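Some notes on the structure that comes next.
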Amino acid sequence: MDSSSPSPRTAAQRAGDAAERLAADHLVGLGWTILGRNIRVGRKELDLVGLDPGPPRSVVLVEVRWRARRDFGLAEETFDQRKRVHLRVALSRLIEAGSLPNGTRLPAAHFRIDLIVIEPPIRADDPPRIRHHRNALG
């Protein structure tokens, strides 16, 4: 195996990737534009950066949380202070730079941070459950 090739994704990472795709599809269905996925800002990674047409029109950092079961609580409970600080720092750096790391300019708009939680459907033929918490930092 070539040492430069990426290591295989774990089942949990693949589930997280699928949750991020579902969240992005959900937002696009609401009229959003996804500006980037898995964006690296320094040593931090942002799940999604999107443009909410509003009103008000907003550039939004979206943290996606996925839980297969509720045995250990709701996914919202994992959105801890450390993660909140990480997102605030990343948002400040993006605003300062005025663009995403790939050069995509950030439009003139409000900025906010949202949380989207994805859970499996209750019944097999139901869609996954999605909870969208706007302005998750208050």
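Looking at the chain, the accessible area is 60 square angstrom per residue; that uses a 1.4 Å probe and ignores ligands, DNA and RNA. Along its principal axes, the chain has C-alpha extents of 45, 42, 29 angstrom, given from the largest down. Taking DSSP loops as anything outside H, G, I, E and B, show the longest stretch in the chain free of trypsin sites (Lys or Arg not before Pro) there with at most 15 other beta carbons within 10 Å. So the longest stretch without any such site is 71-122.
Considering the options A75, S58, L35, tell which one lies farthest towards the positive end of the dipole of the chain, charges being +1 on Lys and Arg and -1 on Asp and Glu at the Cβ, about the Cα centre. So the residue furthest toward the plus end is S58. When the solvent-accessible area of the stretch 29-138 is split by element, carbon and sulfur atoms take up 52 percent of it, the probe being 1.4 Å. Three principal axis extents describe the C-alpha atoms of the stretch 83-138; from largest down they are 45, 24, 18 Å. Helix-only arithmetic for the chain: the sum of -39500 (n - 2.57) across DSSP H runs with n ≥ 4, divided by the residue total, places the mean residue ellipticity at 222 nm at -9000 deg cm²/dmol. Counting only DSSP beta bridges with both residues in the stretch 45-138, the antiparallel share comes to about 55 percent. Look at where the Cα atoms of the stretch 101-138 and of the stretch 23-56 average out, and the two centres are 7 Å apart.
Here the contact order of the stretch 31-138, divided by its residue count and restricted to Cα pairs under 8 Å and six or more residues apart, works out to 25 percent. Going by a ≥ b ≥ c, the root eigenvalues of the Cα gyration tensor, does the stretch 1-77 fall in the rounded group (a/c under 1.5), the prolate group (a/b larger than b/c) or the oblate group? Verdict is oblate for the stretch 1-77.
The values are calculated or read from the model by the stated rules, or taken from the named source; none is laboratory data. Given the structure is predicted, the values throughout are model-derived calculations rather than measurements. No Cβ is skipped: glycine too gets one built from the backbone with ideal geometry, and neighbour counts run over all protein chains shown. What goes into the accessible areas is simple: the full protein's heavy atoms, side chains included, and nothing from ligands, DNA or RNA. Shrake-Rupley method; radii C 1.70, N 1.55, O 1.52, S 1.80 Å.
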